[in-house]
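Derivation of every value follows stated rules applied to the coordinates shown; laboratory data play no part. Bear in mind that the values here come from a model prediction, so they are computed numbers and not experimental data. Backbone-built Cβ (ideal geometry, glycine too); neighbour counts: all protein chains shown.
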Amino acid sequence: MFKTNRVCQLFQIKYPIIQGGMAGISEANLVSAVSNAGGLGVIGSGLMPASWLENEIKKIKKLTQNPFGVNLFMRNPRIKELVEVIIKYQVPIVFTGGGNPLPLFPYFEAAGIKIVPVVPSPRLAKKMEENGADAVVVEGLESGGHIGKNTTFCLIPQAKKLLSKIPLIAAGGIYDGKTAKAAFLLGAEGIQMGTRFLASKECIVHENYKKKIVEASADDIEVVLNFTGHPIRVIKNKWSERMRKLEERGAFPEEIKAEMIAGVSPKNPDVENIPLLAGLSAAGICEIKSCREIIDEIVRELEKD
């Protein structure tokens, strides 16, 4: 069923399953594992320097012969250097988020690199298509980390109705074969998952982090920092409790920034005092599996009549 899938054809991959570019977490080991399993692994460059991105690209090229991508966080002050690295190593696909990517389009188009913006609304999806994007990801508020205001399963049909040329990829709340099937039924041609791959054997986050995901119920997942204008979805812990208290007393942005940076490391075993970014899908994830097992299970469900 995937031979005629436009996402597979566009990215030259076996299955239309994309791993979300999680900042500092989606590195060479995870990215190559997803790509080797037939999906598309994506480096999460976040606020990292160009030297880090260059090293990860070199590692990935040794670990897989399959396509992979890079996710660019548009608020990174060193975005110019990251773009230069991507073009230098001819990374085939770039995903963008966290800001306006349109100024970068001419550079990637000239280099023959495919551009896939991640957007929170159908209107922006259409705008990206009109400006030459090769595909677009619509991401709902069910996702982990920074979230928008619309749900994934409302975004998909609304964006699909507006798009006339490019494939639509859905993200947010998708973690298994049934949720993937629902996304395709509504009009998506590909899916993007972050939280599901957090709880994979190849992901570098500490086992304590993975355990938190597997043990989480729907009541354990919340949104904090609404008052900043940049709310994030996390699993409840002591850190999120501190965030709620800061919110209650109207803390200054500098205080929030200090708390966000303090102790943030994917390998930190102290999972009570770091932001445990995770989507609502964490409540449905019950086991840590390899990337190949995750992808194969979803594919089997999608191939059912």
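For region 1-115, averaging the sequence separation of C-alpha pairs within contact (under 8 Å, six or more residues apart) and dividing by the residue count gives a relative contact order of 21 percent. Sorting 90-96, 79-85 by their mean Cβ neighbour count within 10 Å, with the most densely packed peptide first, gives 90-96, 79-85.
Might you report the magnitude of the Cβ-based charge dipole of region 1-116 about its Cα centre, with Lys and Arg at +1 and Asp and Glu at -1, to the nearest 20 debye? Write down the numbers at each step before the final one.
Working: 12 positive and 6 negative charges, 50 e Å.
Its charge dipole is roughly 240 debye.
Its residue count N sets the reference 2.2 N^0.38 Å, and the alpha-carbon radius of gyration of region 142-213 equals 1.24 times that reference.
Out of every Cα-Cα pair in region 181-221, what percent are more than 11 Å apart? In whole percent, the long-distance tail amounts to 70.
Relative protection proxy for 131-143, 173-185, from highest mean packing down: 131-143, 173-185 (other beta-carbon atoms within 10 angstrom). Of all the C-alpha pairs in region 53-109, what % are more than 20 Å from each other? In whole percent, the share of Cα-Cα pairs in region 53-109 beyond 20 Å is 21. Segment GLN90..GLN9, full-extension length gain: 27.3 nm, with 0.36 nm per residue of separation and the alpha-carbon distance subtracted.
The slack in the chain from PHE2 to ASN100, taken as 0.36 nm per residue of separation less the alpha-carbon distance, amounts to 32.1 nm. In terms of its Cα atoms, region 21-152 spans 39, 31, 27 Å along the principal axes, sorted from long to short.
Spin-label model, THR228 to SER164: label points 7 Å out along the Cα-to-beta-carbon direction sit 4.0 nm apart. Counting only DSSP beta bridges with both residues in the chain, the antiparallel share comes to about 20 percent. Each Lys and Arg adds +1 at its Cβ and each Asp and Glu adds -1 at its Cβ; summed about the Cα centre, the chain shows a dipole of about 540 debye. Remark: the CYS286-THR151 segment gains 46.3 nm on full extension, using 0.36 nm per residue and subtracting the alpha carbon distance.
Checking the table LYS80/LYS210; LYS178/LYS210; LYS149/LYS289; LYS62/LYS178 against a 24 Å threshold on Cα-Cα, which pairs fail? Spell out each step's value before the answer.
Details: LYS80/LYS210 34 Å; LYS178/LYS210 22 Å; LYS149/LYS289 31 Å; LYS62/LYS178 34 Å.
Table pairs above 24 Å Cα-Cα are LYS80/LYS210; LYS149/LYS289; LYS62/LYS178.
Given the alternatives (1) -0.56, -1.15, -1.50; (2) -0.50, -1.04, -1.40; (3) -0.71, -1.03, -1.21, log10 I(q)/I(0) by the Debye sum over Cα atoms at q = 0.10, 0.14, 0.16 Å⁻¹ as computed for this entry is given by (2). Computing FRET efficiency as 1/(1 + (r/R0)^6) for ASN273 and LYS245, where r is the C-beta to C-beta distance and R0 is 25 Å, gives about 0.95.
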